[in-house]
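None of the figures in this text is laboratory data; all of them are computed from the coordinates on show. Keep in mind that what you see is a predicted model, and the values were worked out from it rather than measured. Cβ placement follows ideal geometry from the backbone for every residue including glycine, while neighbour counts extend to all protein chains displayed.
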Amino acid sequence: MTFFVIYTIKRVFAELPISFLVRYSVRLTCRIFMKSQSYLDKKCGTQIEIALKLDPKLVQFFNNGKLDLGDSRALLLYNKVILKEFMDLSFNIPEGYLIPTICSRWEFLKYILKSNPAKVLEIGTGASGILALMLGSVGVSVTATEIDKEAIKSAQSNIELNNLTKEVSLIHSQGEIVKNLIPQLSEYDLIICNPPQYDEKYYQEHKSSARGFIGKYLELVGGRKGHEFILSLLSEVKMDSNPPPVYFQLTLPRLKTILEEDLKRLQYEFTVVTTRIGTRERLYYKVEFT
Ligand SMILES: C[S@@+](CC[C@H](N)C(=O)[O-])C[C@H]1O[C@@H](n2cnc3c(N)ncnc32)[C@H](O)[C@@H]1O
């Protein structure tokens with residue numbers, strides 16, 4: 001039904017004697033909506049039995065009726081299969097970099113796509129460039145930043161691999177988040193970020209664990225307590241004269257209390273949505289600047 005309404009709006013606007021610019025932006029918004037809608041209605045995820053058939057390399061990680069997702073090689077292969085199945089996209093990452101879990105990333109994007117953005121700025125796209133790839137593939141124009149040299153090289157290869165060079169472009173940060181890096185934030189409908197959020201101590205204690213804790217320091221550590229990167233992002237965005245809203249996700253719900261205390265103390269206007277992905281809780285924040 002919604003699909004039909006949007007299609008009709010698109011057709012009607014195409015006929016009206018209004019400026020090209022208005023017509024173009026309505027058409028673009030409708031196109032993104034229709035493209036993302038086809039995924040919004042689709043369930044993300046591939047059953048293990050099907051994944052085993054799609055990529056037989058997974059068989060070596062299959063034991064006692066279970067896929068050993070604690071093994072990073074299995075986790076990577078499985079998520080590659082899911083992305084291919086779900087959006088017909090591919091990605092590679094250098095060894096030791098964060099492995100994106102596709103359906104949890106998509107859950108975050110579903111929340112963002114509700115506001116129907118046409119132009120998005122992503123902070124910290126990572127070696128996979130996963131959020132940018134997914135948004136680009138539904139027709140959203142994305143500018144994404146990344147600080148890590150090897151990660152940005154890898155993200156660029158993934159953009160090229162998926163023929164998304166028109167939709168996604170990258171900016172190499174030297175430590176800046178947006179200040180002195182992105183001249184006009186008002187160009188974007190919104191800013192998104194899956195921020196690094198582990199605290200220093202946790203990272204130091206777990207970085208050498210053989211299983212389950214994969215990622216580089218800059219990918220994972222958000223500061224001494226963990227939420228400092230988020231606060232820095234917000235304070236840099238706030239300095240802009242007309243900033244768009246910032247959407248970020250908290251994958252570590254234990255940070256909720258400390259983060260929200262600081263958001264209130266610093267007088268940010270925010271909303272939060274809690275969602276459950278399998279056994280895990282995720283919190284999606286939207287911060288607006290008035
Ligand atoms: C948690 S990872 C998220 C990666 C990817 N967006 C994803 O969802 O898988 C955070 C990313 O932010 C990057 N990063 C850290 N500081 C940054 C900065 N100042 N500017 C841009 N990227 C930064 C890290 O290198 C890392 O790739």
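Worth a mention:
- Global form of region 231-271, assessed from the alpha-carbon gyration tensor, a/c cut-off 1.5: prolate
- Residue order for Asp71, Asp199, fewest other beta carbons within 10 angstrom first, comes to Asp71, Asp199.
- For the pair Asp71 and Asn180, label points projected 7 Å from Cα toward Cβ lie 4.7 nm apart.
- Backbone HN-Hα couplings from phi across region 155-172 [Karplus 6.51/-1.76/1.60, Hz, Gly and Pro as x]: 4, 4, 4, 5, 5, 5, 4, 9, 6, 10, 5, 6, 8, 10, 10, 10, 10, 8
- Taking the Cα atoms of region 215-254, the ratio Rg/Rh between the radius of gyration and the Kirkwood radius comes to 1.02.
- For peptides 49-58, 75-84, sequence by mean Cβ density within 10 Å, most packed first: 75-84, 49-58
- Computed over region 44-202, the P(r) tail beyond 27 angstrom holds 26 percent of alpha carbon pairs.
- Comparing mean-square fluctuations of Asp41, Asp262, Asp240 from a GNM of the chain with C-alpha springs under 10 Å, the top value falls on Asp41.
- Computed across the chain, the Kirkwood hydrodynamic radius from all distinct Cα-Cα pairs reaches 20.2 Å.
- Across q = 0.14, 0.22, 0.28, 0.30 Å⁻¹, region 44-88 modelled as identical point scatterers on its alpha-carbon atoms has Debye log10 I(q)/I(0) values of -0.26, -0.65, -1.03, -1.16, in the order of the q list.
- Distance-filtered residues of region 207-232 - backbone nitrogen under 14 Å, label point 7 angstrom along Phe289 Cα→Cβ: 231-232
- Dividing the summed -39500 (n - 2.57) terms of all DSSP H runs of n ≥ 4 by the residue count of the chain sets its mean residue ellipticity at 222 nm at -13000 deg cm²/dmol.
- In Hz, Karplus ³J(HN,Hα) per residue of region 275-290 (6.51, -1.76, 1.60; θ = phi - 60°; x = Gly, Pro): 9, 10, 10, x, 9, 9, 9, 10, 10, 10, 9, 10, 10, 10, 10, 10
- Extending 7 Å from Cα along the Cβ direction at Glu150 and again at Glu95 yields two label points whose distance is 1.0 nm.
- Assuming charge only on the beta carbon of Lys and Arg (+1) and of Asp and Glu (-1), the dipole of region 44-88 about its Cα centre is about 80 debye to the nearest 20.
- Note that region 251-290 carries a Kirkwood radius of 11.0 Å, evaluated over its alpha carbons pair by pair.
- Rounded to the nearest 20 debye, the dipole magnitude of the chain is 680 debye, with +1 charges on Lys and Arg beta carbons, -1 on Asp and Glu beta carbons, and the Cα centre as origin.
- Spin-label pair Ile50/Phe213, simplified geometry with 7 Å Cα→Cβ offset, distance in nm: 3.5 nm
- Per residue, the convex hull around the alpha carbon atoms of region 110-236 comes to 119 Å³.
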